[in-house]
1. Take residue A:109 and residue A:208, extend 7 Å from each Cα along the Cα→Cβ direction, and tell me the distance between the two endpoints in nm.
2. Give me the extension gain from residue A:559 to residue A:26: residue separation times 0.36 nm, minus the current Cα-Cα distance, reported in nm with one decimal.
3. Against the 2.2 N^0.38 Å scaling, with N counting residues, where does segment A:2-62 land? I'd like the Cα-based Rg ratio to two decimal places.
4. Nearest 10 degrees, 0 to 90: what angle lies between the long axis of helix A:517-528 and the longest principal axis of chain A (Cα atoms)?
5. Using a Förster radius of 56 Å, what is the FRET efficiency between residue A:62 and residue A:149 based on their Cβ-Cβ separation? Nearest 0.05, please.
6. If the chain between residue A:444 and residue A:375 were fully stretched, how many nm would it gain, using 0.36 nm times the residue separation less the Cα-Cα distance?
7. Among A:284, A:514, what is the fewest-to-most ranking by other Cβ atoms within 10 Å?
8. Which percent, to the nearest 5, of DSSP beta bridges fully inside segment A:541-631 are antiparallel?
RNA sequence: GCCGACGUAGCUCAGCUGGUAGAGCACUUCACUCGUAAUGAAGGGGUCAGCGGUUCAAAUCCGCUCGUCGGCUCCA
């Protein structure tokens, strides 16, 4: 047989050869340094046999991310050993490496807290110093189950049995010193090679992620090959905290939360500027694309929600009230309202596609534990639209929606856009033929774009396209969505009159570009760290008079800029200039305009751009235009 | 909702093993009138999240509730 090496060459090996054999075949130095073998995307132990034609890469201490993965996996074992020796009787769950670190789930008799971290870290370091080898062994499923049962490890037994159900005959175990754990590997050679370990936090996590199972204590930690890399990582975490949108939003006066309304954001005057600018940018696009804007009521009778199916499927997330003996529900979605608008008059095929947009403020009762700044709230504004059309119109409608979406994201500098097509799930409404046509239409609408496919991930009422962006910090966010719906038109009995004078059923395209304005603003705040682009900045320019006697001139500059549509303030406080410059910088104002004797004399203003140096004097004539050009050049 | 931690002035935080509150920033006032990231001084501001308990005495110890944070889960 042969395997394929990273450089594309083939390596001939005897049948049944393992990762060890492959490394040895390449060279004795590599065989010694080898920790694991990566087969495709899967990390494997060197002892496992390879199969013919597999693409492999030998992982050593110099393999970057692959090495980190193996090293952190081993660190997780050492952390578990440390916990075992400090807290005897602990039951162990899973302990995998994750992005940027690793965790291990424990069930303890007494809760573990961050106060215990120093002791655990000390124990880890002690074990690391011992440089104890990781030794692999193999047991049959029944033997392993009995082995862990005897050692009082019910979760390990559960996992062994699960592996048995998945058809495994044997399981592998790894032992370092007295600690032995069920594990598929791979691991570093000995406990001295786990890098510099730092425990980060504790959290609860259900066994196997199901709330029906017991809650285990999850300890998050990370490790890096060197102290320097660990320190750099910890600094990065600190830097990320500084751009947390909850902090930025408060510091800049964008929004806040009050105990009176947990999960319900208050937008402050400056935040409202941002909201309105985003909405007006969207409205400009919608107008050009032939949308009509509507507004539907926040509360509607509960009969409507029975008809829409929300009562049966979504009631846990809804707010209800009763007035005059009539039950009402606060809308968690805008679709039913839009359907009523469609149904409010007879519709002709000539009106299709009928595009109804709505900035719909919806309420959803999310669990208290999931609230998170603007990212996860209980009331938010969807930039929603419902396009009522014939199925043969879907392709062109969706295409223009996707174009619009990309165009709109570009305004915020989100250039890395990814799309995913979700296809028919097992439980689905509508005929197979309808689904086939709809999925085909979406594929054609996606056109030449690269896109991923999520097989069976569509809603029960239709296939969809999800749109993700990646921000400057490399995090990806799901924003837009474009979903077909065969179900609502059915539930609401929507029809239009065709050219042949028959009553036909339209399909609905639900679409959102930002998803939620609130969440979108949170993302933009984190992406920019508060340095909002000029067009979005609540305060676009601030005039700073050098001394009191320049204040009237500063007022004049402000009046001129405001007259030209620039949001401008004056800071004439009796503070030092340095102080007011500093406040302007901390306030993230894009342009500071200093005016003193010289500027009054020459009818100019001295420009200082955000986080920059003095850029020179600008004449008052055409100042607004000059600022806009300067902003566009950045 | 569940697990864990936390809740002291608008913000960031001190307040040791119980003896009825403090700093910096912010705010107000006064002085200074300043040339590109912090001028100085004075002052106002807290029922220590809320309720209940233990105690001669509670910010401090205990219980409950609410909220926040980190996760689980779910999602936009």
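1. For the pair residue A:109/residue A:208, the computed spacing is 2.7 nm.
2. Full extension from residue A:559 to residue A:26 adds 184.3 nm.
3. Working: Rg = 10.0 Å, N = 61, 2.2 N^0.38 = 10.5 Å.
That works out to 0.96 for segment A:2-62.
4. 70
5. The pair residue A:62/residue A:149 has a calculated efficiency of 0.85.
6. Length gained, residue A:444 through residue A:375: 21.6 nm.
7. Least crowded to most crowded, the residues run A:284, A:514.
8. The antiparallel proportion sits near 55 percent.
Computed from the coordinates by the stated procedures, all read-outs in this text should not be read as laboratory data. Quantities reported herein were computed from a predicted structural model and do not represent experimental measurements. Positions of Cβ are generated from backbone atoms using ideal geometry, with glycine treated the same way; all protein chains shown enter the neighbour counts.
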